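Structure first, then comments.
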Amino acid sequence: MSTKVTLTYNNISVDLPVITGTENESAVDIAALRSAANLITLDPGYKNTGSCLSTITFLDGDLGILRYRGYAIEELAEKATFLEVAYLLIFGELPNIDQLTKFQNDIKANSFVDEDVKKIIDAFPKAAHPMGVLASLTSALTAFNPSSVNVDSDEDMYKAIAKIMGKFPVLVAWTMRKTQGLPIDYGAKDLDYIENIMKMMFSQPNETYIINKSVKEALNKLLILHADHEQNCSTSTVRIVGSSQAGLFASLSAGISALWGPLHGGANQAVLEMLEAIRLDGGDTEKFLNKAKDKDDPFRLMGFGHRVYKNFDPRARIIKKAADEVLDDLGIDDPVLDIAKALEREALKDPYFVDRKLYPNVDFYSGIIYRSLGIPVQMFTVMFALGRLPGWIAQWREMRKGKEPIGRPRQIYTGPTLRSYIDISKR
Ligand code: CMC
């Protein structure tokens, strides 16, 4: 296989090295192009641009493969705990018992959030979208943990990781309880990571909280499935913000904002709202498929399509099965699950979706599970963020440890050429 590409432009020939990854994906390294031929590359939306070398997550969109550090997502979702997966993503290997215990204890020791943060939460209107609140609170954590900006210190980096892994679920739970007018729950020392999330989110003030095994398993699985997805919009945001040497919490806060949009993590909220709208409209799935196909109608089939997966999204397959299992276990009959299945069935036969390789993505069925667990619709994307946290941390850490240069794309200017200033009285 050739290890270089030769590009000729204006009689100048430039040899560009070809970089090949461990899964045989290849890329042309265009770094020398500008100095040698005065050319840059143009790729709006970065549809065909690799921004980094990474050892964290591999995905093959044609074959529907997703692996964290070499482990198949199907196996991790079946056998691992979320905290094991977090350790794997961040530090590169599955932890042994001692490593996991230390990680767990460090996180637990750092799971208190300064009481003053409550004043910030209280200042938000009750109806504020939880993603906006969460982004603000995550950024605010820097003020309460100033050493977290020492991005070149391994020790401070580890402390910042333990702190955010401990405090983030608290912020998530507090944010949700604020919208529900419920008092804050501090979790309990003897509970594990997932159990604490559940207690802090779902406990009622006048009841002892009992852990439901099905809910715990479903939450563990969902968080693992969301834990990383290589260079997506929010992860690229975290890396690019971090590349300016901004601290971990500020970088994560930017990632949360990027995730919020309906074309990214916000799709899980949009899917459930869409399914509800279809139900209230009488359940005519064909009508909504036609709307999605109509180029004059802005409606898109939310939870369908993916920039990289062009065959199937392996996460969606696992989540669809889990949705059936959880609803069955909890004895819930949710009519929108039938609507979702009908939409999927019909879309997968429809040439519009088949030709464009549009399949259900991770967000298509996840909201149905979240709703069955008692999570309000506006919190769905927050749950995505809770799962994605270790992936963002791992990617930020990889970028920092690799001492990557500041992210700063170029552009081709298409505006006016030089012109003279005209006095305001003459314009
Ligand atoms: N409904 C109807 N048409 C669609 C859809 C959809 N959901 N998705 C893509 N298309 C059409 C699109 O109109 C275009 O058609 P044409 O070639 O005729 O112009 C073609 O398919 C290619 O779409 P694209 O927008 O150029 O593809 P993209 O890779 O830029 O966008 C996407 C990917 C995920 C943003 C898009 O598929 C979409 O908007 N899906 C709905 C939102 C969604 O579910 N987002 C969650 C993504 S997965 C989780 C995550 O990243 O957080």
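The values are calculated or read from the model by the stated rules, or taken from the named source; none is laboratory data. These numbers were taken from a predicted model, which means no experiment stands behind them. Virtual Cβ from ideal backbone geometry, glycine too; neighbours counted across all protein chains shown. Each accessible area value is taken on the protein alone, full model and side chains, heavy atoms only, with ligands, DNA and RNA left out. Shrake-Rupley method; radii C 1.70, N 1.55, O 1.52, S 1.80 Å.
Answer yes or no: is there a residue in the range 83-97 that is surrounded by 16 or more Cβ atoms within 10 Å (Cβ to Cβ) and polar (S, T, N, Q).
So far as the range 83-97 goes, no, none of its residues is surrounded by 16 or more Cβ atoms within 10 Å (Cβ to Cβ) and polar (S, T, N, Q).
Residues checked against (1) in contact (Cβ under 8 Å) with a residue 40 or more places away in the chain; (2) surrounded by fewer than 16 Cβ atoms within 10 Å (Cβ to Cβ); (3) touching a Lys or Arg at 6+ places or on another chain (Cβ under 9 Å):
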position	(1), (2), (3)
290	no, yes, no
299	no, yes, yes
303	yes, no, no
311	yes, yes, yes
316	yes, no, no
323	yes, no, no
328	no, yes, no
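Looking only at the range 64-85, filter to residues that are in a strand (DSSP E or B) and in contact (Cβ under 8 Å) with a residue 60 or more places away in the chain; which one of those is farthest from residue 215 (Cα to Cα)?
Checked the range 64-85; the qualifying residue farthest from residue 215 (Cα to Cα) is 65.
Which fully enclosed strands (runs of 3 or more DSSP E) of the range 10-60 have 3 or more residues being free of Cβ contacts under 8 Å to residues at least 60 places away in the same chain and surrounded by 11 or more Cβ atoms within 10 Å (Cβ to Cβ)?
Those strands (runs of 3 or more DSSP E) span 12-20, 26-28.
Could you pull out every one of the helices (runs of 4 or more DSSP H) wholly within the range 304-394 that has 1 or more residues that are of a type in the set (Val, Ile, Thr) and within 12 Å of the ligand (Cβ to nearest atom)?
In the range 304-394, 314-329, 351-355 are the helices (runs of 4 or more DSSP H) which contain 1 or more residues that are of a type in the set (Val, Ile, Thr) and within 12 Å of the ligand (Cβ to nearest atom).
Specify which of the listed residues (62, 29, 43, 15) is modelled with pLDDT under 95 and acidic (Asp, Glu).
That would be 62, the only listed residue that is modelled with pLDDT under 95 and acidic (Asp, Glu).
Which of the residues belonging to the range 98-118 are part of a loop (DSSP other than H, G, I, E, B) and open to solvent by less than 60 Å² (accessible area, probe 1.4 Å)?
Answer for the range 98-118, where residues must be part of a loop (DSSP other than H, G, I, E, B) and open to solvent by less than 60 Å² (accessible area, probe 1.4 Å): 110, 111, 113.
Looking at residue 155, is it assigned to a helix (DSSP H, G or I), within 17 Å of residue 225 (Cα to Cα) and of a type in the set (Asp, Glu)?
Answer is no for this residue.
What helices (runs of 4 or more DSSP H) completely inside the range 183-294 contain at least 2 residues that are within 15 Å of the ligand (Cβ to nearest atom), within 27 Å of residue 126 (Cβ to Cβ) and touching an Asp or Glu at 6+ places or on another chain (Cβ under 8 Å)?
Passing ranges, in order: 267-280.
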